[in-house]
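Visitor: I have a structure here, written as C-alpha cells, and I will follow up with some questions on it.
The values are calculated or read from the model by the stated rules, or taken from the named source; none is laboratory data. What you see is a predicted model; the values in this text were computed from it and never measured. Cβ coordinates were reconstructed from backbone atoms using ideal geometry, including for glycine residues, and neighbour counts include every protein chain displayed. Accessible surface areas use protein heavy atoms only, side chains included; no ligands, DNA or RNA. Shrake-Rupley method; radii C 1.70, N 1.55, O 1.52, S 1.80 Å.
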Amino acid sequence: MSKFIFITGGVVSSLGKGITSASIGRLLKSHGFLVNMVKCDPYLNVDAGTMSPFQHGEVFVTEDGAETDLDLGHYERFVEIKTKADNNITAGKIYSIVIEKERKGEYLGQTVQVIPHLTDEIKSKFLKLAKGYDITIIEIGGTVGDIESLPFLEAARQMKLNRNSSDVIYIHVTLVPYLSSSDELKTKPTQHSVTKLREIGIDPDIIVTRSEKPLNSEIKKKIALFSSVPPQAIIEAPNVSTIYEIPSLFKKQALDEQILMLLRLRSNKYDSSEWDKFVSRLNLIMNSKNSLKIIMAGKYTKLRDSYKSLNEAILHASVANGIRVDIEYLDTEESKAKIEQKVKSCDGLIIPGGFGERGIEGKIHAIKIARENRIPFFGICLGMQCCVIEFARNVLGLKNANSTEFDPKTPYPVITLIKNQKNVYKGASMRLGNYPCSIKKNTLAWKIYSKSIIYERHRHRYEFNNRYIYSFEKRGMKISGLNKKDNLVEIVEITDHPFFIGVQFHPEFNSKPLNPHPIFVEFIKAALKDKELDYEKSKN
Ligand code: GLN
C-alpha cells in the first residue's frame, strides 16, 4: 500500500508548490523509495493544451501525448520519473468522466453530485496512480479558499478516512510576507490560510513557509502554535539562486526525517551525492566570470515560465560543459538591422517552438544571419520549420516559400499540414507525445545521439513537405532523422556549417539535471567553440 502526501497552498498562487513537491519527491527518492507524483489542477479545461503560454506558462507534453501542467516537468526533472496523462488530474477531466458516466446511465438513477460522485472519481484516480509505489505525492493546484479547489481538497480529506493516520499526511505551503515599512514578517495570512484548511477538515502536519527573509524562532513558534504542529515542522523555503538547491535546504531542516516519522517509514540508505555534485557544479559556473551568450528568439518572452523546460535543458547542458549560459531573449518583431546586430554578437541561436504568424519573418532573418555567419543554430519544432523556410527562400531561391500555417496561399508550401490534421478540434488534436525517429549514419544527428532509433516528444500540426526533400538535400540541407512509419521528416541539418540543426520534436522535455539532453550538450559545446574562435580572431 502506498502512503500519500498531499501538498496544498495558501495565501497566494505561484508560491512554488510545484518545486516544493518535486524537492520532497527528490529527497524521498534519495532515501530509496519509489515515488509517484501527481498534479491536480482545479480549472475546468480538460488539459493545458488549449491554455495560452502567456497566461499559464509552458504546456508540458508527456510521453503518452498528454498536454499537461508545467509542474509535471519539475517532477520528471527532480524525481526522474516518466509521468503519464493521468499524473495531471484537471477538474475538466473529472467532470467529463462523471458526465459521460451519467449519460451512459451508470449512476442508476441517482442524483449526480460533487460529493460523492466527483470526489469518488478523484479518489479512484489517486488510488490507481499509487499502485506499485511506496509514496504518492499529490499537489493540489490553486490556493485553499478557491471555489474550484474544493472537490480536490475534499477528496484529499476523505483519503484519511478509514486509513491509519500514518498513511496520509498534509503539507501546507504558505506565504509569510515581509513588510519593509515596519521591518516585520507577518504571520496573519498563514493563520487565515491554516484556518481555512481546517474548515475543510484538513489539519496540516507540516507547514512550508515562503518568505523573503529568514524566520526567527519566535515567528516559527507562533506559526506552529496556531497550526498545532511542532516548531520543527515549520520548514523554510527561502528564495534561492537555483531551484535545484531546495532538496538540500529541506534536508538541512530534517523535513525528510519528519515525513518518514509521520508516515512510519524507515529508510536505510540516503544517497544524494550525484545531485549535490550537480548543484555544486551549477553554483560554480553561476559565479564564474566566463559565460556564453545564447539568443532565444521566441514570442512568449514576457513570462519566463513559457519556456520552462527549454531554460532548464540549457542549464543542464551548461553544467555539463562547465560554462554559464546567459540567455538573451530576442524580440523578432524588431528591425532587421537590430536582429542582425544581435545575432552576430551571440555564440548561438535557438528558435523555440511556437504558434502563429507573429514575429516569423524576424525569426527567418535571424536564422539567415546564423547560417551565413556560421553561428551555431538549434531550431525546435517551429524553429525547425523556420529554418526550412529560410533555406527554401535564400538557398533554393523559392520566392515566398512558407508554411501554410502563416501563408495558406504560398507558391512553395515547404511546411504544410499533416494529412490527418485537417478540420479538427483544437483540444488534444495535434501530433502529440513520443514517436520513433530513425537517425541516418554519418550525420550531426548521429554524432549527437549515437543511436539508430530515438524517441522524442512532439506537439505540432505542420510538417516538412516531402515533395521538396530532393531539392533540399541536393543543396546541402540533409534529412538526418525520419519517422519511417509515417514518412515524416524529424531532423534537418546543414552539413557545411559548424552546428546547424532543426528538430520537429521537443527534446527539452527529456533533459534532466543528472542526464542532460545530448542535443543541448552538443549545441552548447559548439557555442563554446564559436566563442573561442571569435576570441582567436580578435587576437590576430
Ligand atoms: N506551429 C507549428 C505547428 O503546429 C509548430 C508547433 C510547435 O512549435 N510546437 O506545427
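Visitor: Please specify each residue of the stretch 343-365 satisfying the condition of being aliphatic (A, V, I, L, M), in a helix (DSSP H, G or I) and within 16 Å of the ligand (Cβ to nearest atom). Working first, answer last.
Guide: Here is the first cut: in the stretch 343-365, the ones aliphatic (A, V, I, L, M) are 343, 349-351, 360, 364.
Now restrict to residues that are in a helix (DSSP H, G or I): 343, 360, 364.
Listed by number, the residues that qualify are ILE360, ILE364.
Visitor: Of the residues that sit in the stretch 483-508 and are of a type in the set (Asp, Glu) and away from the ligand (no atom under 15 Å from the Cβ), which one is nearest to SER309 (Cα to Cα)? Please lay out each step first, then the result.
Guide: Restricting attention to the stretch 483-508, the residues satisfying the condition of being of a type in the set (Asp, Glu) are 486, 490, 493, 496, 508.
Checking which are away from the ligand (no atom under 15 Å from the Cβ) leaves us with 493, 496.
On the way: GLU493: 23, ASP496: 30 Å.
So, considering only residues that are of a type in the set (Asp, Glu) and away from the ligand (no atom under 15 Å from the Cβ), the one nearest to SER309 (Cα to Cα) is GLU493.
Visitor: Just checking, does the stretch 371-379 include any residue being open to solvent by less than 10 Å² (accessible area, probe 1.4 Å), over 30 Å from LYS537 (Cβ atoms) and within 27 Å of the chain's Cα centre (by Cα)?
Guide: The answer is no, given that none of the residues of the stretch 371-379 is open to solvent by less than 10 Å² (accessible area, probe 1.4 Å), over 30 Å from LYS537 (Cβ atoms) and within 27 Å of the chain's Cα centre (by Cα).
Visitor: Okay, moving on. Can you find a residue that is closer than 30 Å to GLY73 by Cα, in contact (Cβ under 8 Å) with a residue 40 or more places away in the chain, touching a Gly at 6+ places or on another chain (Cβ under 6 Å) and of a type outside the set (Asp, Glu) anywhere in the stretch 477-492?
Guide: yes
For every residue, the table says whether it meets (1) in a loop (DSSP other than H, G, I, E, B); (2) within 16 Å of the ligand (Cβ to nearest atom); (3) closer than 30 Å to GLU257 by Cβ.
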{"residue": "LYS277", "(1), (2), (3)": "no, no, yes"}
{"residue": "LEU282", "(1), (2), (3)": "no, no, yes"}
{"residue": "SER288", "(1), (2), (3)": "yes, no, no"}
{"residue": "LYS299", "(1), (2), (3)": "yes, yes, no"}
{"residue": "SER309", "(1), (2), (3)": "no, yes, no"}
{"residue": "HIS316", "(1), (2), (3)": "no, no, yes"}
{"residue": "VAL319", "(1), (2), (3)": "no, no, yes"}
{"residue": "ILE327", "(1), (2), (3)": "no, no, no"}
{"residue": "GLN341", "(1), (2), (3)": "no, no, no"}
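Visitor: Condition test on ILE246, is it outside any helix (DSSP H, G or I), modelled with pLDDT of 95 or more and in contact with a helix residue (DSSP H, G or I) (Cβ under 6 Å, 6 or more places away or on another chain)?
Guide: Taking the combined requirement at face value, the residue does not satisfy it.
Visitor: To continue, here is another question. Kindly indicate whether ARG281 is free of Cβ contacts under 8 Å to residues at least 60 places away in the same chain, crowded, with 16+ Cβ neighbours inside 10 Å and basic (Lys, Arg).
Guide: Details: free of Cβ contacts under 8 Å to residues at least 60 places away in the same chain: yes; crowded, with 16+ Cβ neighbours inside 10 Å: no; basic (Lys, Arg): yes.
It is false that ARG281 is free of Cβ contacts under 8 Å to residues at least 60 places away in the same chain, crowded, with 16+ Cβ neighbours inside 10 Å and basic (Lys, Arg).
Visitor: All but one of (1) part of a helix (DSSP H, G or I); (2) in contact with a Lys or Arg (Cβ under 9 Å, 6 or more places away or on another chain) hold for SER471, so report the exception by its number.
Guide: All conditions pass for SER471, except number (2).
Visitor: Confirm whether ASP271 is open to solvent by 10 Å² or more (accessible area, probe 1.4 Å) and either in contact (Cβ under 8 Å) with a residue 24 or more places away in the chain or charged (D, E, K, R) (or both). Before the answer, list the steps.
Guide: Values: open to solvent by 10 Å² or more (accessible area, probe 1.4 Å): yes; either in contact (Cβ under 8 Å) with a residue 24 or more places away in the chain or charged (D, E, K, R) (or both): yes.
Yes; evaluated as a whole, the condition is true for this residue.
Visitor: I've got another one for you. May I ask you to list pairs of residues, at least six apart or on different chains, whose Cβ atoms are under 7 Å apart, with the first in the stretch 30-51 being part of a helix (DSSP H, G or I) and the second being of a type in the set (A, V, I, L, M, F, W, C) and open to solvent by 40 Å² or more (accessible area, probe 1.4 Å)?
Guide: Correct list of pairs: GLY49/ALA428.
Listed here are the residues, each with its yes/no results for (1) closer than 25 Å to MET430 by Cβ; (2) modelled with pLDDT of 95 or more; (3) buried (at least 24 other Cβ atoms within 10 Å of the Cβ).
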residue	(1), (2), (3)
VAL343	no, yes, no
ARG358	yes, no, no
LYS368	no, yes, no
ILE389	yes, yes, yes
ALA392	yes, yes, yes
LEU398	no, yes, no
ASN402	yes, yes, yes
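Visitor: Do the conditions hold for THR62, that is, is it surrounded by 18 or more Cβ atoms within 10 Å (Cβ to Cβ) and more than 30 Å from THR209 (Cβ to Cβ)?
Guide: Yes.
Visitor: Quick check on LEU488: is it surrounded by fewer than 19 Cβ atoms within 10 Å (Cβ to Cβ), out of contact with any strand residue (DSSP E or B) (no Cβ under 6 Å at 6 or more places or on another chain) and not acidic (Asp, Glu)?
Guide: Against the criterion (surrounded by fewer than 19 Cβ atoms within 10 Å (Cβ to Cβ), out of contact with any strand residue (DSSP E or B) (no Cβ under 6 Å at 6 or more places or on another chain) and not acidic (Asp, Glu)), LEU488 does not qualify.
Visitor: Quick one: how many residues across the stretch 381-419 are over 18 Å from LYS368 (Cβ atoms) and near the ligand (Cβ under 9 Å from one of its atoms)?
Guide: Qualifying residue count, the stretch 381-419: 4.
Visitor: What's the number of the only condition in (1) open to solvent by less than 50 Å² (accessible area, probe 1.4 Å); (2) in a strand (DSSP E or B) that PHE509 fails to meet?
Guide: (2)
Visitor: Among what's in the stretch 435-467 and is aromatic (Phe, Trp, Tyr) and within 16 Å of the ligand (Cβ to nearest atom), pick the residue that is surrounded by the fewest Cβ atoms within 10 Å (Cβ to Cβ).
Guide: To start, the set of residues in the stretch 435-467 that are aromatic (Phe, Trp, Tyr) comprises 435, 446, 449, 455, 462, 464.
After this cut, where a residue has to be within 16 Å of the ligand (Cβ to nearest atom) as well, the list is 435, 462, 464.
Details: TYR435: 19, TYR462: 22, PHE464: 24.
The residue in question is TYR435.
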